[in-house]
Each structure stands twice: as C-alpha cells, then as structure tokens.
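Notes for the one structure printed next.
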Amino acid sequence: MISPHVAPASALAGGVLLGLSASLLLLLNGRIAGISGIFGGLLLPGTTDRPWRAWFVAGLLLAGLAFVWLRPEAFATVGDIPLTTAALAGLLVGFGTRTGSGCTSGHGICGLARLSRRSVAATLTFMSTGAATVFVMRHLLGGSHP
C-alpha cells in the first residue's frame with residue numbers, strides 16, 4: 001500500500017536526483033557517492049582532496065536548508081523522540097557505517113548499480129536491520145506510529 005503522505009511523483013523525482021547526482025560524481029570526479037566516506041575524508045589529517053568533499057557536503061546541507069525553507073511542513077515531527085535517542089541512533093548508524101565499510105548511499109545506490117556482491121550483502125543487512133528495528137520500536141516497545 002502506498003502511503004498517503006508520499007506522492008509517487010515525488011518519490012520518482014527523488015530517486016532520479018539521487019541517481020543523477022551519483023552518476024555525475026562518478027563521471028566527472030571518478031568518485032563513488034558514499035556520503036560517509038566523503039564526509040570522513042574531510043576529517044582525516046593529510047587529505048589532499050578536501051575541496052571537492054567540502055563542496056559536496058555543502059551542497060547537501062544547502063539543498064536541505066533550501067527544502068526546509070520552501071516546504072517546512074515536510075519536516076514536521078511524528079511523535080516525541082528524545083534528543084538522547086536520536087543521538088544514540090546517529091552513533092549506531094556511524095558505527096554500522098564504519099563496520100560495514102560504507103553507508104547506504106555507497107552500498108545501496110552506487111554498489112548495487114555496479115552489481116557488487118558485497119554491496120548486495122550490506123544493503124540486505126541494513127535494510128532488514130532497519131525493518132526489524134522499526135518493528136521492535138513500534139510494536140514491541142510501544143513507540144510512536146506515523
């Protein structure tokens with residue numbers, strides 16, 4: 001069932017933009033659009049390719065800010081999530097990214113497009129873990145429902 005909150009056209013447009021941006025980064029810069037690797041490269045000492053990484057991250061932030069400005073209602077929260085829970089979730093995602101040697105964008109978008117077996121395994125792992133986490137949080141621990 002399609003959620004009444006997501007129009008198929010907007011989901012299609014988002015997918016096209018993700019694919020286009022990943023393809024352009026690969027074609028024009030020879031780099032995989034793995035956001036954790038791109039951001040992590042900004043933090044490593046001695047990195048010589050900081051400018052393109054900084055521009056990429058700035059583009060992500062500016063696009064997000066522009067969207068917040070244009071459509072603030074799209075960011076309405078569902079339920080009350082404590083800051084500590086959100087911070088813990090972010091740390092767990094970061095840990096998983098390092099453990100899995102890549103993030104959802106690197107494995108799920110770029111790796112699957114290259115038919116990488118490692119990326120198929122990683123994507124199946126994080127998608128099933130995410131689904132299990134949502135199930136536990138919403139149905140077993142009584143968390144909020146959208």
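Per-structure values
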| quantity | calculated |
| --- | --- |
| Condition check for residue 26: part of a helix (DSSP H, G or I) and at pLDDT below 90 | yes |
| Residue count for the stretch 94-110, restricted to those that are over 15 Å from residue 21 (Cβ atoms), without any contact (Cβ under 8 Å) to a residue 60 or more places away in the chain and surrounded by 13 or more Cβ atoms within 10 Å (Cβ to Cβ) | 4 |
| Residue within the stretch 11-28 that is in contact with a Cys (Cβ under 8 Å, 6 or more places away or on another chain) and either under 16 Å from residue 110 (Cα atoms) or outside the structural domain of residue 96 (by TED's automatic domain parsing) (or both) present | yes |
| Verdict on residue 51 being at pLDDT 90 or above and of a type outside the set (A, V, I, L, M) | yes |
| Selection within the stretch 46-62 - loosely packed, with under 12 Cβ neighbours inside 10 Å and part of a helix (DSSP H, G or I) | 51, 55, 58, 59, 61, 62 |
| Any hit, the stretch 78-93, residues being of a type outside the set (Asp, Glu) and surrounded by 14 or more Cβ atoms within 10 Å (Cβ to Cβ) | yes |
| Pair list, Cβ < 7 Å and 6+ apart or interchain, from the stretch 46-74 residues that are in the same structural domain as residue 21 (by TED's automatic domain parsing) to residues that are assigned to a loop (DSSP other than H, G, I, E, B) and among the small types (Gly, Ala, Ser) | none |
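Residue by residue, here is whether (1) within 27 Å of residue 122 (Cβ to Cβ); (2) modelled with pLDDT under 90 holds:
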{"residue": "31", "(1), (2)": "yes, yes"}
{"residue": "37", "(1), (2)": "yes, yes"}
{"residue": "44", "(1), (2)": "yes, yes"}
{"residue": "66", "(1), (2)": "no, no"}
{"residue": "78", "(1), (2)": "no, yes"}
{"residue": "88", "(1), (2)": "yes, yes"}
{"residue": "92", "(1), (2)": "yes, yes"}
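The values are calculated or read from the model by the stated rules, or taken from the named source; none is laboratory data. Note that this is a predicted model, so its numbers are computed, not measured. Every residue, glycine among them, receives a Cβ derived from its backbone with ideal geometry; neighbour counts consider all protein chains shown.
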